[in-house]
């Protein structure tokens, strides 16, 4: 059982780009996809939960509830709130596409920031030697393929970020207890891993450290796609469930050196921080409690973020959609992030890159 306990919340020196080693990203991408063998489609694989990462208190999308009243009904709702609070109403109304893409009228209201986490998965059946692409001398050392269970996407103005951070939100149960809902990915993962839920089959945020080192079954795909004439590496991972009894003898072992946890507050392990994906760091900088945190200070000292990293948060807020009383606009799919640049250390796990951290600008 892991000893890591997640803390649940109730200026760098730069080097010129010329000093960076020229990396053959295309060769690395080809190598990884060939090793995984999933270009044509996803495969079922057993993974070990290797990392639990605190992403801080993240702003949430405004809540929404379908509203079928008239314009007069909407005006009455806002008037009633104003009369009750003696202030400008926080609720508003917006037309958005529903799950079937049909324009639908919603009543919306702001919600408080929520602590979120990310999880890493190690696949010991796929061993990679990535030092051949990053080090001057190829060590020949192999490490398990590490993937982000949350997946990733590209956020304009920020770069790659964690795709679906998991909320540490407890809800009240019928018996008066509080726990993470049983329809969440975190709960389903805990149930699949076993030994994480309590005697009442409840999941509390404080139990999440017990996920570390546990195994579950996932659908996994590493593949390339072409955008604007260039190939990009894509990763997809999806929880399938518990490892079937017939496959449990195939559960791989994972060295304890790969198991880790990251908190926003308290002592920071710089070797662990050095192995975090840039998408995770980018997401951390968006947290409302990142500025002034222990992890921010450690990342600044390592050169992984700048002292002014809060500007990401401000820019993301400026680019966030504002409440509107109009029909939805068709959104374009996000463009893939270019390799190198601000995402220099995306997808690069393990300690052989630590000596290159000073190259981040």
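The figures follow:
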{"read-out": "Rounded to whole Å, sorted largest first: equivalent-ellipsoid semi-axes of the stretch 250-308, Cα gyration tensor", "value": "25, 12, 11"}
{"read-out": "Nearest-0.05 FRET efficiency for residue 256 and residue 26, computed from C-beta distance (R0 35 Å)", "value": "0.50"}
{"read-out": "Per-selection Rg to Rh, the stretch 63-109 - Cα, Kirkwood hydrodynamic radius", "value": "1.03"}
{"read-out": "Rh (Kirkwood; distinct C-alpha pairs) - the stretch 143-216, Å", "value": "14.0"}
{"read-out": "Spacing of the two label points (7 Å from each Cα toward its C-beta) at residue 238 and residue 111, in nm", "value": "2.3"}
{"read-out": "Computed log₁₀ I(q)/I(0) - Debye formula, equal Cα scatterers, no solvent, the stretch 135-261, q 0.09, 0.17, 0.19, 0.20 Å⁻¹", "value": "-0.37, -1.10, -1.25, -1.31"}
{"read-out": "Pairwise label distance in nanometres, residue 64 with residue 87, each label 7 Å out on the Cα-Cβ vector", "value": "2.5"}
{"read-out": "Extension gain (nm, one decimal) between residue 230 and residue 181, 0.36 nm per residue minus Cα-Cα", "value": "13.5 nm"}
{"read-out": "C-alpha center-to-center spacing [the stretch 260-308, the stretch 59-118] in angstrom", "value": "34"}
{"read-out": "Distance between modelled label sites at residue 174 and residue 134, nm, 7 Å Cα→Cβ extension", "value": "5.0"}
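Bear in mind these aren't lab numbers, they're just calculated from the coordinates by the rules spelled out. Predicted model only: the values in this text are computed from it and were never measured. Methodologically, a virtual Cβ is constructed for each residue, glycine included, from the backbone with ideal geometry; neighbour enumeration extends over all protein chains shown.
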